Ligand SMILES: Cc1ncc(COP(=O)(O)O)c(C=O)c1O
């Protein structure tokens, strides 16, 4: 087809690609009961949808039951809508929140809209560009109304949240956990889910790891601290009024799949096999982030494989067997799912000499910036674009976010330091992934800063 750039790109991708070591979790495998993918199934509010409870409400009840929560909402706006509606419903505007610094930009959107005051919880980093889960969350939470955590990291690293959530509850705080990458966690082979840790609200991005279509997600509610009516109200404010039935049907299919006995078996089998793969390639000299993490007191998702080494080089070595999820200057990450032929990647990795890379892991501090003004004030203030290399001392107006992983390194209201400018410049050169919030003019990276 001529001049249909997206269709053309998709057709080229499908013709060329080997396997998919990236999102979405369905990996392009046609599902059982997949007839709903026909356009004839894309309808609107007609017939049975006008009844109460309608089929979507009934399906949401099945999903809620499969997670053991009080209520579940289906999102056709990814995990973004669950995160935003959850935060805005749980915490009154202008209140003070403790927020995990490895926030996704959907958390940032809620912080802007809710005009919240923020106290950051900073994680450590490994080899300058791998974010580790929060370890010490020592505050007694006084003076704040809520806690927002991101769990796991993009690379599937986690810490059991039971203690911290228990302490927050004792201090009177509700807790929202952005668990976008952990909807498949069930049982001992996987990290402890935020649902099991009794978080009040948990946002899931099912499409990231499971067999549902891109843009599907879930919000779960449990306990009595947050009102379901408030969630409904914010959901109506932020969500499309024309949800796609293809997306909704893929969530319905997922709730059905979750209730089949083979669901848990397949994920456990994947976990065992991938843990075996971590070991095998470590014996070939590779350093695998997830297995390093398990040895150092963290939990790790066995559906991820992050190998240290020059990320872009590893990606090109694996290109003949498909595309990977993410590279950073020092790593390459793959996402694995049940139903994939793992022997393809096992064979490709067995041919790589990892000893060449000579990895020395160092723990570093998460880069911290001073704050000049609250996030929402910087967002709303007049601004101008200046070259990044000349922006030291300027106050950022929009977040600067390497994508993936989509974690803002500078948020509105923070003052750019020389170190941060160097970090971003090196990142762009070595990882060759975009930094959202920058634009290019005549080859120069430009940053939007507050007029001072
Ligand atoms: C931690 C985290 N939260 C939320 C989101 C938003 O998810 P979605 O893209 O499904 O809206 C992402 C997306 O990458 C994410 O990584």
Let me have the 222 nm mean residue ellipticity of the chain computed from DSSP H runs of 4+ only, each contributing -39500 (n - 2.57), with the sum over all residues rounded to the nearest 500.
-10000 deg cm²/dmol
Expected unfolding gain across residue 273-residue 232 under the 0.36 nm per residue rule, minus the alpha-carbon gap, is 10.7 nm
Per the Kirkwood definition applied to all pairs of different Cα atoms, how many angstroms is the hydrodynamic radius of segment 367-450?
12.6
Give me the three principal axis extents of segment 36-141 from the C-alpha atoms, as integers in angstrom, largest value leading.
52, 34, 27
May I ask you to order 272-278, 297-303 by the average number of other C-beta atoms within 10 Å around their residues, highest value first?
297-303, 272-278
Based on DSSP, what percent of beta bridges with both residues in the chain are antiparallel, to the nearest 5?
70
Calculate, for residue 384 and residue 61, the FRET efficiency according to 1/(1 + (r/R0)^6) with r their C-beta to C-beta distance and R0 51 Å; round to the nearest 0.05.
0.50
At q = 0.10 Å⁻¹, what base-10 log of I(q)/I(0) does the Debye formula yield for segment 34-258 when every alpha carbon is treated as an equal point scatterer in vacuo?
-0.44
Percentage of interatomic Cα-Cα distances in segment 263-364 larger than 21 Å:
30
Rh (Kirkwood, all Cα-Cα pairs) for the chain, Å, reads 23.0
Among DSSP beta bridges lying fully in segment 89-217, give the percent that are antiparallel, nearest 5.
10
Ordered by packing density, taken as the mean number of other Cβ atoms within 10 Å over each peptide's residues, highest first, how do 84-91, 232-239, 96-103, 123-130 rank?
84-91, 96-103, 123-130, 232-239
I need the peptides 379-389, 188-198, 215-225 ranked by packing, meaning the mean over residues of other C-beta atoms within 10 angstrom, with the highest value on top.
215-225, 188-198, 379-389
Taking the Cα centroid of segment 360-377 and of segment 387-406, what is the distance between the two, rounded to the nearest whole Å?
12
Send over the Kirkwood Rh of segment 398-440, from the inverse of the averaged 1/r over different Cα pairs, rounded to one decimal Å.
10.5
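Readers should treat all values here as calculations from the given coordinates under stated rules, not as data from a laboratory. Here the structure is a predicted model, which is why all the values come from computation and not from measurement. Note that we place each Cβ from the backbone using ideal geometry, even for glycine, and neighbour counts take in every protein chain shown.
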